[in-house]
1. Select from segment 14-55 the residues that are hydroxyl-bearing (Ser, Thr, Tyr) and open to solvent by less than 10 Å² (accessible area, probe 1.4 Å) and write down the one among them that is farthest from Gln298 (Cα to Cα).
2. Can you confirm whether segment 315-332 contains a residue that is part of a helix (DSSP H, G or I) and touching a residue at least 40 places away in the same chain (Cβ under 8 Å)?
3. Return only the number of the condition from (1) modelled with pLDDT of 85 or more; (2) surrounded by fewer than 17 Cβ atoms within 10 Å (Cβ to Cβ); (3) under 27 Å from the mean Cα position of the chain (by Cα) that Gly615 does not satisfy.
4. Of the residues in segment 200-214, how many are surrounded by fewer than 24 Cβ atoms within 10 Å (Cβ to Cβ) and in a helix (DSSP H, G or I)?
5. Would you mention how many residues in segment 492-526 are part of a loop (DSSP other than H, G, I, E, B), more than 30 Å from Gly82 (Cβ to Cβ) and open to solvent by 30 Å² or more (accessible area, probe 1.4 Å)?
6. Determine, yes or no, whether Met294 is of a type in the set (A, V, I, L, M), closer than 25 Å to Val19 by Cβ, at pLDDT 85 or above and assigned to a loop (DSSP other than H, G, I, E, B).
7. Consider Val489 carefully, then state whether it is surrounded by 18 or more Cβ atoms within 10 Å (Cβ to Cβ), β-branched (Val, Ile, Thr), assigned to a strand (DSSP E or B) and touching a strand residue (DSSP E or B) at 6+ places or on another chain (Cβ under 6 Å).
Amino acid sequence: MDASSAVPYLKRFSLTGLVLTLGIVFGDLGTSPLYVMKAIAGRGKEFNELLIFGSLSCIFWTLTFQATLKYIIIILRHNNRGEGGIYALFALLKSRNSWIAVITMVGASALIADGIITPALSVTSAVEGFKTQGSDINVVAIVLLVIAALFIIRQYGAGIVSLFSGPVMVIWFLMIGVLGLFRITEYPDVLKALNPVYVIRFLSEYPGGFVLLGFVFLSVTGAEALYTEMGRCDIKNIRVTWIFVKISLLLNYSGQCAWLVMQGGMAEGTNPFFSIMPQWFLLPGIIIAIVAAMIASQTIISGAYTLVSEAISLNFLPKLKISNPSVNKGEVYVPAVNWLLWIACSVTVILFRESSDMEAAYGLSISLAMIMTTILLSLYLYQKGVNHRLVLILLMVFLTIEGSFLMANLSKLRSGGWFTVMIAACFVILLYGWYFGRKIKNKYVTFVNLKNYTDLFRDLSKDTTVPKTATNLCYIVKANRVDQVESKVIYSIFNKQPKRADRYWFIHVNRLDDPERFDYQVHYLIPGVLVKIDINIGFKVEPRINLYFREILKDLEDSGEIDLTSKYESLKKHDVKGDFMFILIDRIMTRDYKLSAWENFTLFLHNISRKLDIGDVRTLSLDPTCTIEEKVPITIEQREYKRIKRII
């Protein structure tokens, strides 16, 4: 079975779909046993039974409330045409004021920020397993090589990786479950920790117990992938596989805790995850852990691509090159994000070097992201008409849990949490500048009815006193209605150096959810003078508009609908084809209009964000040799407080 044939199984409930879902959705969440108990036991102020039982109880109930109740039972039910994630929640909201947009930006930025440290932490924790055998290997060098391989592979698509990752994760979860069960049989009393009383005792009696919640929270990082990746997997596949995943996780956590209690503590430099393995299985176990960590990293990388592509579609980010390497809409590849993440992950490894230091930096941003998701979910349920008391209870329960985790994670701010907070802040600034800068500009976007300009088009095309710009003049337009066009296009043609042409073309590119949609429609608005073309392409179709436009012209010429021969007499008699020129318009805010200080600052951030925008020439694959990028002013009606006067 190849990558493309696997897609139908992902989108329906089946055994194959269950296996593939394990590799796509549960990589990050499933590899948390590599470092969670190591972090808790290594930072406990004193080792005793309450530390182990209390932390295990916190892990169990955190997985139950956050992963099972919040994501599996509640959030997965609310998706945007099968797509999940924080941007999907934003898209579902009917009312989207500025604060809701900011909440979405903060949540998305926090997810990407923690996504940078996740591959570094997972892979480093797995590679450090070799140290348990007394090996003196260069962990940093190996981790950097593994991470490099991860990001280089991504440019070729994740289809083959998905097929490989599913069976590997089955082996992984079976392995950690069996290893944990083996240790539980040696000390079955550890299961008493599932009693929620131990949560209360841990937080109230153990010294520094509340602070250790920040490391307990690491057990649920990756839960966002349950929602973000649902666009690639059937919801039933996610829910059923979660039963298997949760049992395996709890068995392993319990086994580690049983081993810790029996050992009476944890020696410095050891990891209870590897310590519970039989000596003869240690080397295979380390290798499986490294492969599982690589798959977990792939989950995070895919989530970052999904977040960025959704941000672009909702105009939170400038246009970046995006490709769809498979027929599965949920799988996208964003080259710029791929190389940025590679650099950021490598810097993280070099900066922190050891997994214990990365653990201190991990979790702060993701707890903030979960709070933002909870707020958006509550707003959506309220707007949907769910009983407001029920919504309020849900909001208070999850805000209490996630707020506690956030407060506990704030203790990590100085020891490494600043790193992910700084990265998240940079992304927030980028998103804010682009989104609200466009909002300011779009306040002044107007559309006009083309019927009011019919005579003007005819007269200009025949006016020989106006220099001819091109035989065929083409504009990329965004007006969905056939009889409308943006006022900036009219300004460009008639006001900004009038542009005479024998024929004007308005091209509207309509991106659709159907992956293979590939057709067009032709509207003759002014016969022989003005033509509008709607090009309908699915998300899998590369937007090579220049090529498609040439094919459309050939169809129209072959059918006798148009004559593309040049109108110049010297060229016409030799049957030379007429020339074409594309005009792309950028609207600029001039200094003639007074804006508020905050609006000016927002536009300043917007202009910085624009430097990442690849532009319509590259986005639409236009021919740069026959394309003009033109600037037109944004017109704002403002009250004249003082007018200059003439003196004699």
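1. By that ranking, first place goes to Ser55.
2. Within segment 315-332, not a single residue is part of a helix (DSSP H, G or I) and touching a residue at least 40 places away in the same chain (Cβ under 8 Å).
3. Every condition holds for Gly615 apart from (1).
4. 8
5. Within segment 492-526, residues that are part of a loop (DSSP other than H, G, I, E, B), more than 30 Å from Gly82 (Cβ to Cβ) and open to solvent by 30 Å² or more (accessible area, probe 1.4 Å) number 3.
6. The answer is no for Met294.
7. Against the criterion (surrounded by 18 or more Cβ atoms within 10 Å (Cβ to Cβ), β-branched (Val, Ile, Thr), assigned to a strand (DSSP E or B) and touching a strand residue (DSSP E or B) at 6+ places or on another chain (Cβ under 6 Å)), Val489 does not qualify.
Listed here are the residues, each with its yes/no results for (1) assigned to a loop (DSSP other than H, G, I, E, B); (2) of a type outside the set (Ser, Thr, Tyr); (3) farther than 30 Å from Val332 by Cβ.
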residue: Gly222; (1), (2), (3): yes, yes, no
residue: Leu226; (1), (2), (3): no, yes, no
residue: Glu229; (1), (2), (3): no, yes, no
residue: Lys236; (1), (2), (3): no, yes, no
residue: Trp242; (1), (2), (3): no, yes, no
residue: Ile247; (1), (2), (3): no, yes, yes
residue: Leu251; (1), (2), (3): no, yes, yes
residue: Met262; (1), (2), (3): no, yes, yes
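The values are calculated or read from the model by the stated rules, or taken from the named source; none is laboratory data. Computed from a predicted model, the values in this text were never measured in an experiment. Don't worry about glycine lacking a Cβ; one is built from the backbone with ideal geometry, like all the others, and counts go over all protein chains shown. Please note that ligands, DNA and RNA were not included when accessible areas were found on the heavy atoms of the full protein model with its side chains. Shrake-Rupley method; radii C 1.70, N 1.55, O 1.52, S 1.80 Å.
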